[in-house]
Amino acid sequence: MDWLLSSLDALFEFPRWYAGAILGTGFLTYYLREAVKQPILACSNGKFKDFLLAHVPILQEKYWPTLWCFESRAQTVLASLLRSSFLPNIKYQREILKLSDGGQVALDWLEDGCPASAPVVIILPGLTGESQAEYVKCLVNSASRIKLRVVVFNNRGLGGISLKTPRTYCASKCDDLSEVVNHVRSLNPGVPLVAAGVSMGGLILGNYLASQFSKPDKPISAAMVISVPWNVFKGTESIEKPVLNLLLNRHLAGGLCKNIERYRLRHSKTIREFDKSYTTKQFGYKDVQSYYTDATIHDKLHKIEVPLLCLSAGDDPFQPLEAIPVQAAYKSQYVAIVVTARGGHIGFLEGLFPLYHEQYMCRLFTQYFTALFTDGSDFLDSVMKPANASCVV
């Protein structure tokens with residue numbers, strides 16, 4: 001017993017700086033071993049993969065997540081808070097597009113300093129996001145920096161636009177996007193059109209690209225998706241886990257309910273409850289399972305026939321690593337999935353002082369779309385007709 005007491009006395013007399021050094025060394029070792037890694041690039045060997053490796057250098061670098069918030073939920077929440085605090089609102093030119101069923105959507109344009117011949121990128125926000133969402137502003141700023149003309153597609157009822165019909169939007173239906181694409185093309189004949197979708201916006205975009213399977217004329221020449229919930233079943237299960245994931249879930253469900261509050265439907269506490277009580281009924285699905293089966297895109301990669309670059313984090317709380325269709329991407333000549341070890345959901349913060357420079361997802365966005373319009377390749381020429389390359393720097 002005496003030896004135990006003496007050992008405890010010695011422990012408490014241990015210099016605090018020494019204990020701190022041990023803990024700090026352990027933390028830094030864990031960070032360097034588990035968080036800092038070169039991303040996986042899943043794509044079949046061929047022209048698209050060769051093009052990416054030759055012209056998108058970030059893919060061959062290690063991703064260094066911000067040292068003090070590399071945990072998945074921390075990346076997700078703090079990225080949103082920091083961007084909201086430091087990024088000013090963007091002054092867009094708004095266009096209201098009337099849809100064929102009587103509904104309407106807001107298209108927010110940013111074309112400052114870019115010639116009319118510049119390529120156009122359509123940006124699709126996430127579940128409840130709109131053109132002033134912090135992650136959208138990040139991408140818009142990056143697109144503007146490389147002289148792409150930008151249009152943000154705000155889904156029905158979002159971006160300050162009221163609903164004209166009871167119908168809103170869902171992940172499986174891309175007819176609204178199809179009308180937007182056709183409208184943008186009519187305004188810009190002969191100009192390359194690309195797109196980027198974030199989270200659920202990526203689902204809608206993915207389903208749209210899959211719907212163009214075997215069609216000779218591809219309206220969108222190339223695309224990128226970020227933090228897309230590939231397998232909606234797995235994603236829903238993941239975000240229903242207590243405690244932090246479920247809090248994020250309820251926050252998003254609250255945003256969905258607010259969008260349709262005029263219809264006085266029962267308030268839903270989770271996204272699944274909202275889909276059960278509203279989405280399935282509005283879009284004619286028998287049940288939530290039928291809707292999620294239709295919405296998921298992890299099994300549709302073989303139907304996508306334009307270059308699609310996808311960024312996912314292995315620790316995304318909205319989509320577990322095992323649900324990311326890496327093996328399917330290894331068989332695809334058009335789809336490339338980049339998987340970072342860390343990054344959360346639409347996080348991807350890096351550096352000790354995030355926002356002092358372009359963040360990882362925006363650097364990937366910039367390098368990818370710059371390469372598309374400045375570096376020719378037989379693969380790209382077969383699926384798109386690059387416009388004036390000099391408008392992208």
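Here, each number is a calculation from the coordinates, and none is a lab measurement. For clarity, every value in this text was computed on a predicted model and none was experimentally measured. Every residue, glycine among them, receives a Cβ derived from its backbone with ideal geometry; neighbour counts consider all protein chains shown.
Jot down the per residue volume, in cubic angstrom and as a whole number, of the convex hull over the alpha-carbon atoms of the range 59-147. Could the numbers behind the result be given before it?
Numbers: hull volume 14.3 nm³, N = 89.
Expressed per residue, the convex hull around the Cα atoms of the range 59-147 is 160 Å³.
So what is the relative contact order of the chain, in percent, for Cα pairs below 8 Å that sit 6 or more residues apart?
Working: 734 pairs, mean separation 97.2, N = 393.
After rounding, I find 25 percent.
As a rough footprinting exposure proxy, the listed residues His357, His267, His183 were ranked by other beta carbons within 10 Å of their own, and the order from fewest upward is His357, His267, His183.
Net charge of the neighbourhood of Glu305, taken over other residues with C-beta under 9 Å away and scored Lys/Arg +1, Asp/Glu -1, is +3. With the charge dipole of the chain set up from +1 on Lys and Arg Cβ and -1 on Asp and Glu Cβ about the Cα centre, the Cα lying farthest toward the positive end among the listed residues Gly159, Pro229, Val198 is that of Gly159. Candidate cross-link partners of Lys303 among the lysines, defined by an alpha-carbon separation under 19 Å and a same-chain spacing of 8 or more, comprise Lys47, Lys49, Lys173, Lys215, Lys218, Lys331.
In this Cβ point-charge picture (+1 for Lys and Arg, -1 for Asp and Glu), the chain has a dipole of about 1040 debye about its Cα centre. A crude spin-label estimate for the pair Leu32 and Arg185, with each label 7 Å from Cα along the Cβ direction, gives 5.3 nm.
Give me Tyr63, Tyr30, Tyr169 sorted ascending by neighbouring Cβ count inside 10 Å, so fewest comes first. Show your work: numbers first, answer last.
Values: Tyr63 21, Tyr30 11, Tyr169 24.
Ascending number of Cβ neighbours within 10 Å: Tyr30, Tyr63, Tyr169.
Using the rule -39500 (n - 2.57) for each DSSP H run of four or more residues, divided by the residues of the chain, the 222 nm mean residue ellipticity is -11000 deg cm²/dmol.
Taking the Cα centre of the range 92-139 as origin, sum charge times position over the Cβ atoms of Lys and Arg (+1) and Asp and Glu (-1), and report the length of that vector in debye to the nearest 20.
Values: 3 positive and 7 negative charges, 10 e Å.
My answer is approximately 40 debye.
Ranked highest first by the average count of other Cβ atoms within 10 Å around their residues, in what order do 222-233, 204-215 fall? Don't skip to the answer; put the middle values down first.
Numbers: 222-233: 25.8, 204-215: 19.7.
With the highest mean Cβ count within 10 Å placed first, the list reads 222-233, 204-215.
For the chain, give the share of DSSP beta bridges that are antiparallel, in percent and rounded to the nearest 5; count only bridges with both residues there. That works out to approximately 40 percent antiparallel. Model label points for Gln104 and Lys62, set 7 angstrom from Cα along the Cα-to-Cβ axis, are 5.3 nm apart. Between the entries [x] 86, 53, 40; [y] 112, 59, 40; [z] 72, 48, 35, the label attached to Cα extents along the principal axes in Å calculated for this structure is [x].
Residues in the range 84-92 carry Karplus couplings, in order, of 5, 7, 10, 8, x, 5, 9, 8, 9 Hz; the curve used is 6.51 cos²θ - 1.76 cosθ + 1.60 with θ = phi - 60°, and Gly or Pro positions show x.
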